[in-house]
Amino acid sequence: MRLRTQQIEQASVAWKAPLDLAPLASSSLDGRHALRLGPDEWLLMAEASSAADDLHSLAVSTALSLVDISDRELAWTISGENAGRVLATGCPLDLSEAAFPPGRATRTVYGHAEIVLWRPNSERSWQIRALRSFAIYLTHHLAHAGKQCANT
């Protein structure tokens with residue numbers, strides 16, 4: 001979703017969860033997740049297919065861009081003691097607690113694939129979202145990295 005700063009409050013009410021976040025931050029409330037990926041861009045996720053209905057209604061009267069990308073991407077959850085090390089094998093970011101605390105979300109790369117990397121409020125859990133066309137590549141790369149990290 002893309003919208004202007006002055007519309008954040010209206011959109012938060014329609015989404016029924018906070019959107020007034022610092023860039024690269026996330027919020028979660030009642031199964032609705034918002035990742036602020038840029039100054040005017042949010043990735044919204046929810047289990048309920050009706051979660052964005054009020055946003056669609058708001059888009060009729062407000063300048064707001066809302067696109068359903070649910071079929072475009074796949075998500076992987078990486079968790080456990082070596083999760084950060086597995087991700088570090090393919091991601092150039094500093095994934096330390098200080099640089100990438102729980103709640104952080106950003107666009108980056110893993111290997112040669114563009115991803116959205118999100119660290120929900122769990123210390124040892126990360127989520128990677130990527131285009132479906134990278135599914136085999138990322139699955140193999142992550143599995144190989146997991147084996148390497150388990151052996152060291």
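Summary table
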quantity	calculated
Filter result for Phe134 (of a type in the set (Phe, Trp, Tyr), touching a residue at least 12 places away in the same chain (Cβ under 8 Å) and assigned to a loop (DSSP other than H, G, I, E, B))	no
Top-ranked residue of the range 50-105 - restricted to ones that are aliphatic (A, V, I, L, M) and part of a helix (DSSP H, G or I), ranked as nearest to Trp15 (Cα to Cα)	Leu55
Filter result for Tyr137 (open to solvent by 50 Å² or more (accessible area, probe 1.4 Å), at pLDDT 95 or above and in contact with a strand residue (DSSP E or B) (Cβ under 8 Å, 6 or more places away or on another chain))	yes
When residues of the range 117-133 are limited to those that are in contact with a strand residue (DSSP E or B) (Cβ under 8 Å, 6 or more places away or on another chain) and over 16 Å from Ala83 (Cβ atoms), the one most open to solvent (accessible area, probe 1.4 Å)	Arg132
Restricting the range 17-50 to residues that are in contact with a Ser or Thr (Cβ under 7 Å, 6 or more places away or on another chain) and modelled with pLDDT under 90, the residue that is farthest from Trp118 (Cα to Cα)	Asp20
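The values are calculated or read from the model by the stated rules, or taken from the named source; none is laboratory data. Everything numeric here is computed off the predicted structure, so don't read it as measured data. Glycine gets a Cβ as well: all are built from the backbone with ideal geometry, and neighbour counts include every protein chain shown. With ligands, DNA and RNA removed, areas are computed over all heavy atoms of the protein, side chains included. Shrake-Rupley method; radii C 1.70, N 1.55, O 1.52, S 1.80 Å.
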